[in-house]
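This report concerns only the one structure given below.
Every number in this text was worked out from the coordinates using simple rules, so none of it is lab data. These numbers were taken from a predicted model, which means no experiment stands behind them. A quick note on method: Cβ atoms are made from the backbone with ideal geometry, for glycine too, and the neighbour counts reach across all protein chains shown.
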């Protein structure tokens, strides 16, 4: 059975890397977003544009996530939904989400949201995306693809 990679594409810095790895493993890719993105001319890569509704892209990804899926997202709540569906989930920096780590990640997200709200909009975001993040992502995606290809 074919592996499908679902990309939460609106803020994804590793789409090109996903395309290369997916091509090597002959995986399907679905690029899910609220606006169209250029995608390679490849029959296994499909663009899925959803409406601008709140969480429309997340809902589409979660609905199609299963045991043969890899979801690429930095959205912790979406990661939790996809893990519940049995999918493998990777953040853009290569950090895997799993059942053991997702509860803590959701709790940390809630705490940080409360802290930012108390700072009247002052605060930072995630650290800048680095070459090390890109490398770690490629290694982890390759590891998960290899594992799914063997099963």
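Want the number for residue 39 to residue 151: 0.36 nm per residue separation, take away the alpha-carbon distance, what's left? Display every interim value, and only then the final one.
Numbers: separation 112, 0.36 × 112 = 40.32 nm, distance 2.84 nm.
Separation in residues times 0.36 nm, less the Cα-Cα distance, equals 37.5 nm.
Which length gain, in nm to one decimal place, applies between residue 84 and residue 51 when the Cα-Cα distance is subtracted from 0.36 nm times their residue separation? It would help to have the intermediate numbers written out before the result.
Values: separation 33, 0.36 × 33 = 11.88 nm, distance 2.43 nm.
In short, 9.5 nm is gained.
Could you tell me the calculated FRET efficiency between residue 101 and residue 25, based on Cβ-Cβ distance and R0 = 25 angstrom, to the nearest 0.05? Working shown, then result.
Details: r = 25 Å, r/R0 = 0.99.
Step by step, r from the Cβ atoms, then E = 0.50.
So, in nm, how far is label residue 131 from label residue 143 when the simple model puts each one 7 Å beyond its Cα toward the Cβ?
2.2
Once you have a ≥ b ≥ c as the square roots of the Cα gyration tensor eigenvalues for segment 1-45, tell me rounded if a/c is under 1.5, and otherwise prolate or oblate according to whether a/b is larger than b/c.
Working: a/c = 1.72, a/b = 1.67, b/c = 1.03.
Because a/c hits 1.5 or more and a/b exceeds b/c, segment 1-45 counts as prolate.
If you count, for each residue, the other Cβ atoms within 10 Å and average over each peptide, how do 5-18, 54-67 line up from highest to lowest?
Values: 5-18: 19.9, 54-67: 17.1.
Per-residue mean Cβ counts within 10 Å order the peptides as 5-18, 54-67.
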